[in-house]
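Worksheet: the structure to be examined is printed underneath.
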Amino acid sequence: MLPTAETVLANATLVLPGEIRVGSVRIAGGRIDAIDTGAAVPAGALDCGADLVMPGLIELHTDNLERHIQPRPAVDWPHASAIIAHDAELAGVGITTVFDAMRVGSVPSRKARYRPYARGLASELLELRAGGALRISHFLHLRAEICSETLPEEMAAFGPEDRVGIVSLMDHTPGQRQFRDEARLKAYLMGKNNFTEAEFRDHVAALKDLRAQNGARHEVLALAEARRFGAILASHDDTTAAHVAVSAGQGIRLAEFPTTLEAAEACRAEGIAVMMGAPNLIRGGSHSGNVAAADLAGPGLLDILSSDYVPSALLMGALRLGDLWGDLARGIATVTQAPADAVGLADRGRIAPGARADLIRVARIGGAPVVRGAWVQGARVA
């Protein structure tokens, strides 16, 4: 239910499209009703003390829910509690719209097996949403694993009613994209699954065989299912200009985490938005040895940030970009307006009359952003 009382956030440093201005925002009926200029604080208004007031952050790809579901190896935490905690954590760091990433496409028959889970977890999340248990706006992001055994049946279990906003094509076949360095994959799997040398070789051979058997038809199927859902298509870990050319031919307009400067430049030429991880930007480089986000930001090849595996990184990264570019409004747009535009959410991502009143109040203390308030459709959620 939308709040009926009017709310005014006054004496704020407003982050507007393309500019920063001291002023106030009036909220009514869950929408932004008016924007005024000046530091005046009308009677009954919330005095923001010159804190930043910006659109609520929009997260297109986060694995954070998985961390709450499995807080330790082999621990399956009660899902309702995990989902509610995940939702509250995102609200607390300023994220008001999230596309929860869930894998579809499993390999249940191998030693390094992983089984289907997305349909059941999505149903639990959507049920909690319908019951009013969640604070922020949730959509689904289905990560379609091309190199898998069960992709067709897993995707068939979803429909247009499931709020699937993004389908990304994931190809983790050893020897290319994220796993082009098989030595890194070997070290990871030997540590995680106790593979012997022979088992690792057998595993790589089996996955390459699986890609040869199913890859082409799984790509066609994922594209068709995305159209059935009405979802935006995304590529993942593009490494070469050839990868990007294929993406462009498939109608993809969002590239998640390209691994090289070559791929990012090709995305720009094709009009494909580039999304990079905020942890990469904050840490000063990729944890897997791929291109640094800052190296794409410098020449203007970075459009959107994702928190990926650290929710608090989203706001930190946007402010870091604002400092790097000397343009705070531009930095904040990478986590508000740009992701909204990329997935066709025209009702949010900017402070403008008529937009959803998804807003956050932020202070910078000791170099760290502190979310002092968050509103979703005018209702305070943090």
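The values are calculated or read from the model by the stated rules, or taken from the named source; none is laboratory data. For clarity, every value in this text was computed on a predicted model and none was experimentally measured. Neighbour counts run over all protein chains shown; Cβ positions are idealised from the backbone, glycine included. Note: accessible area is taken over every heavy atom of the protein model, side chains too, but ligands, DNA and RNA are not part of it. Shrake-Rupley method; radii C 1.70, N 1.55, O 1.52, S 1.80 Å.
Looking only at the stretch 296-341, which residues are at pLDDT 95 or above and surrounded by fewer than 17 Cβ atoms within 10 Å (Cβ to Cβ)? If the condition is that a residue be at pLDDT 95 or above and surrounded by fewer than 17 Cβ atoms within 10 Å (Cβ to Cβ), then 298, 299, 300, 323, 324, 325, 326, 327 are the ones that fit.
Here the stretch 83-140 is the region considered, the condition is being of a type outside the set (A, V, I, L, M), open to solvent by less than 40 Å² (accessible area, probe 1.4 Å) and in a loop (DSSP other than H, G, I, E, B), and the residue that is modelled with the highest pLDDT is 94. Residues in the stretch 240-259 that are assigned to a loop (DSSP other than H, G, I, E, B) and open to solvent by 10 Å² or more (accessible area, probe 1.4 Å): 240, 250, 251, 253, 257. Looking at the stretch 364-375, which of the residues that are hydrophobic (A, V, I, L, M, F, W, C) and surrounded by fewer than 16 Cβ atoms within 10 Å (Cβ to Cβ) is nearest to residue 350 (Cα to Cα)? Ranking the qualifying residues of the stretch 364-375, first place goes to 370. Filtering 294, 338 for residues that are touching a helix residue (DSSP H, G or I) at 6+ places or on another chain (Cβ under 8 Å) and aliphatic (A, V, I, L, M) leaves a single hit, 294. Filtering 349, 378 for residues that are in contact with a helix residue (DSSP H, G or I) (Cβ under 8 Å, 6 or more places away or on another chain) and either open to solvent by less than 20 Å² (accessible area, probe 1.4 Å) or of a type in the set (Val, Ile, Thr) (or both) leaves a single hit, 349. Go through the stretch 150-186 and give me each residue that's at pLDDT below 90 and either farther than 25 Å from residue 258 by Cα or over 22 Å from the mean Cα position of the chain (by Cα) (or both). Hits for the stretch 150-186 are 173, 174, 175, 176, 180, 181, 182, 183, 184, 185, 186.
Does residue 366 meet the test of being more than 20 Å from the chain's Cα centre (by Cα) and over 29 Å from residue 29 (Cβ atoms)? Judged against the criteria, residue 366 is a match. The criterion of at least 2 residues that are open to solvent by less than 10 Å² (accessible area, probe 1.4 Å), within 23 Å of residue 368 (Cα to Cα) and small (Gly, Ala, Ser) is met by the following strands (runs of 3 or more DSSP E) wholly inside the stretch 7-74: 7-16. For the stretch 260-278, filtered to residues that are open to solvent by less than 10 Å² (accessible area, probe 1.4 Å) and of a type outside the set (Gly, Ala, Ser), the residue that is farthest from the chain's Cα centre (by Cα) is 267. Among the residues of the stretch 201-215, write down those that are polar (S, T, N, Q) and surrounded by 16 or more Cβ atoms within 10 Å (Cβ to Cβ). The one that is polar (S, T, N, Q) and surrounded by 16 or more Cβ atoms within 10 Å (Cβ to Cβ): 214.
Among the residues of the stretch 314-329, those identified as touching a residue at least 12 places away in the same chain (Cβ under 8 Å) and either in contact with a strand residue (DSSP E or B) (Cβ under 8 Å, 6 or more places away or on another chain) or among the charged types (D, E, K, R) (or both) are 314, 315, 316, 317, 318, 319, 320, 321, 328, 329. Only residues that are buried (at least 22 other Cβ atoms within 10 Å of the Cβ) and of a type in the set (Gly, Ala, Ser) were counted in the stretch 279-295, giving 1.
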